[in-house]
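**Student:** Here it is, the structure, as structure tokens.
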């Protein structure tokens, strides 16, 4: 999920498997995106699902979308 605020704040959120956390975080950070949190919602889930949130301020929303998608693709999410 991506959202864009009128004040220039761009936000991203995705559910990822635990083994995908480091590749996605690395790919986002390489593109200048700040990963703000990684957390879970459930105990004892299999596969282990985690929630990752990221943000950027003042990047054009189209560019934020492009780099978020590129990072997810590089991390092997699709």
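**Student:** Could you list, in sequence order, the residues of the stretch 38-52 that are in contact with a strand residue (DSSP E or B) (Cβ under 6 Å, 6 or more places away or on another chain) and either surrounded by 11 or more Cβ atoms within 10 Å (Cβ to Cβ) or not in a strand (DSSP E or B) (or both)? Let's see the steps before the verdict.
**Tutor:** We begin by selecting, within the stretch 38-52, every residue in contact with a strand residue (DSSP E or B) (Cβ under 6 Å, 6 or more places away or on another chain); these are 38-40, 47, 49-52.
Of everything in the stretch 38-52, those that are in contact with a strand residue (DSSP E or B) (Cβ under 6 Å, 6 or more places away or on another chain) and either surrounded by 11 or more Cβ atoms within 10 Å (Cβ to Cβ) or not in a strand (DSSP E or B) (or both) turn out to be 38, 40, 47, 49, 50, 51, 52.
**Student:** Given 55, 70, which one is without any contact (Cβ under 8 Å) to a residue 60 or more places away in the chain, surrounded by 14 or more Cβ atoms within 10 Å (Cβ to Cβ) and out of contact with any strand residue (DSSP E or B) (no Cβ under 8 Å at 6 or more places or on another chain)? Don't jump to the end; show me each part of the working.
**Tutor:** Details: 55 fails: out of contact with any strand residue (DSSP E or B) (no Cβ under 8 Å at 6 or more places or on another chain).
When all the criteria are applied, what remains is 70.
**Student:** Which is in a strand (DSSP E or B) and either in contact with a strand residue (DSSP E or B) (Cβ under 9 Å, 6 or more places away or on another chain) or at pLDDT below 95 (or both), of 13, 20?
**Tutor:** Details: 20 fails: in a strand (DSSP E or B).
The unique qualifying residue is 13.
The values are calculated or read from the model by the stated rules, or taken from the named source; none is laboratory data. Remember, predicted model here, so these are calculated numbers, not experimental data. So basically every Cβ, Gly included, is an ideal-geometry build from the backbone, and we count neighbours across all protein chains shown.
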